[in-house]
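In what follows, a single structure is set out as C-alpha cells and then discussed.
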Amino acid sequence: MLENLMNYYIETFQINEGLRTFFAPGRVNLIGEHTDYNGGHVFPCALSFGTYALVRKREDERLRFFSKNFEAFGVVEADIANLAFDNKHDWANYPMGVIKTFRDAGYKIDKGLDVMFYGNIPNGAGLSSSASIELVTSMLLKAMFNLDIDMLEMVKLSQKSENDFNGVKCGIMDQFACGMGKKDHAILLDTNTLKYEYVPIKLENISIVIANTNKRRDLATSKYNERRFECESAVDALQKQLNISFLGDLSEEIFEKYAYLIENEIQRKRARHAVYENQRTIRSVNALMARDIKLFGELMNASHVSLRDDYEVTGIELDTLVSAAWDNGAIGSRMTGAGFGGCTVSLVYNDRIEAFIEKVGNEYEQKIGYKADFYVASIDDGAREI
Ligand code: GLA
C-alpha cells in the first residue's frame, strides 16, 4: 500500500525527493464516555487503522494539501503565515489548524510543505479520524522542522486546534489515544490530572468487535457542544454548596446528596451520567485487572443504558446494534465515541464472532433498512514515523 501511496504522491506533486511518511491511528474507547471534558476517567486504545501522511518540505512558504480520500477537492493551498478556518477548505481545516496552533505556540515552522493524506478509518464512524489527522500532522511538523516537543504537548496542541480552529469543544481523549496509544494496551487516563496507566488487554478467546451504524452524524458537533454546556451549568449549580471544579470530582453518594441543587432536570440527568460513568470506568478497569471480564461486560452495558437514558446521545441505530449484540452473546456492548451515530464496541468470544456478525447484521438491516459494517479491532501503537 505504501508504494501505491508514494506513486500517487509523485503523480500529484510531481516530485519525490526528501519524502517522509508518518502515521497516526484512530481509536476506540472501551468505556468512560463523555467524561473527558468533565474531569473524569476514560479507557481508550489506539487501532491499527488510521491516517498516513506523505510529506516533503518546500523552499517557499506555500502549503499544499491533498487527500486521497477526497480526491474531488483536489489540492488545497494556503500560505503558512495566513491560516484561517474556511468552510471551503473542508477536511484541510484540520491540518491547517494544527500548523497555525503550533506557530501560535511559538514553534518555528517557516517553510511550506506538500502533504498527501490517506486514511483507512471508516469515514464518519466516530473512530477519531479528526484526531488521527491532527496527530499525524503534529508528528510530521516535529520531524520536518526538528521541533523540541514531546508527545503530550503535541496531544494538547492538537486538542486546542480542534477546540479553537475547528470549533469542536472536544475533550482530550481522542488526541491522547491517537498520540500515546500502545500495542495491545488500553490507556486508563485521568483527564483531570493527565495521569495515565497502560493496561494490558490480553483477552484470551475474546475479541473486540466494532460495529459501524453507517448513520451520517449530522448535527453531532452542535449537540456535542450542547451536552458540554449542560454539564458546565450543572457544575455551576453544585458549586453553590460544593467546592468542586468538575463532575468527575464527585462520588455517586455525594452527587445524590446534592443533586437537588441542579434545578434543571435535563442538566441533572446529564450530570448523573458524567458522575456515574466516571466511577463505572474506574470500577471496570479494576474488574479487568482482576480478570473479571463478566463484570467488565456488565459495566459496558450499564454505560450504554446511561448514555441512552440520561445523556441521550444514542438514537435508534446505536440502540438497535447494542440490543442485538446483547441478545446474541456479547459479553458487553455499548456505543463508543461521541454518539449520534458512529460505532458500537462489543466483547465477543472468538468462536462466536462469525455468528454474532451475521445475526446482529441481519437484525440491524431489517430494522434500520441498511447495513452495518463490522471490524475485529487490533490494538496498536500511537502516532509515529514509518
Ligand atoms: C468525542 C470527543 C472526545 C470525547 C468523546 C465522548 O470523541 O472528541 O473528547 O468527549 O466524544 O466520550
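Quick note: the coordinates plus some simple rules give every number you see, no bench work behind them. Model, not experiment: these values are computed from the prediction. Neighbour counts run over all protein chains shown; Cβ positions are idealised from the backbone, glycine included.
Cα gyration tensor of segment 194-305, axes a ≥ b ≥ c as square roots of the eigenvalues: rounded (a/c below 1.5), prolate (a/b > b/c) or oblate?
Oblate is the answer for segment 194-305, as a/c is 1.5 or above yet b/c matches or exceeds a/b.
Given the DSSP H assignment, sum -39500 (n - 2.57) over each helix run of at least 4 residues in the chain and divide by its residue total; what's the result at 222 nm in deg cm²/dmol, nearest 500? Please report the intermediate quantities before stating the final value.
Numbers: 11 runs with 154 residues, N = 386.
Calculated at 222 nm, the ellipticity per residue is -13000 deg cm²/dmol.
Using the Kirkwood formula over every pair of different C-alpha atoms, what hydrodynamic radius in Å results for segment 302-373?
12.1 Å
So how do 296-303, 177-184, 6-13 stack up, highest first, on mean other-Cβ count within 10 Å?
By packing density, highest mean first, the sequence is 177-184, 296-303, 6-13.
Assuming a ≥ b ≥ c are the square roots of the Cα gyration tensor eigenvalues, decide whether segment 140-229 counts as rounded (a/c under 1.5), prolate (otherwise, with a/b larger than b/c) or oblate.
It is oblate, given that a/c is not under 1.5 and a/b is not larger than b/c.
Using Cα pairs under 8 angstrom and six or more residues apart, how large is the relative contact order of segment 79-176, in percent? Display every interim value, and only then the final one.
Values: 94 pairs, mean separation 31.9, N = 98.
Result for segment 79-176 is 33 percent.
Write down Rg/Rh for segment 1-78, rounded to two decimals, with Rg from the C-alpha atoms and Rh from the Kirkwood relation over Cα pairs.
So for segment 1-78, dividing Rg by the Kirkwood Rh gives 1.13.
Can you tell me the FRET efficiency between Asn286 and Phe145 if r is taken as the Cβ-Cβ distance and R0 is 41 Å, rounded to the nearest 0.05?
0.45
Within 13 Å, Cβ to Cβ, of Tyr8, how many net charges do the neighbouring residues add up to if Lys/Arg are +1 and Asp/Glu are -1?
-3
Against the longest alpha carbon principal axis of the chain, how many degrees, from 0 to 90 and to the nearest 10, is the axis of helix 293-309 turned?
The two axes meet at around 90 degrees.
Please list, short to long, the whole-number percent of alpha-carbon pairs of the chain in consecutive 20 angstrom bins beginning at zero.
29, 56, 16, 0
Take the Cα coordinates of segment 2-190, assign each an equal point scatterer, and use the Debye formula without solvent to give log10 I(q)/I(0) at q = 0.13 Å⁻¹.
-0.63
Sort 372-381, 125-134 by the packing proxy (mean of other Cβ within 10 Å over each peptide's residues), most packed first.
Top of the packing list down: 125-134, 372-381.
Can you give the local net charge around Ser48? Use residues other than it whose beta-carbon is closer than 15 angstrom to its beta-carbon, Lys and Arg +1, Asp and Glu -1.
Local net charge: +1.
Show me 14-20, 194-200 ranked by packing, highest mean number of other Cβ atoms within 10 Å first.
194-200, 14-20
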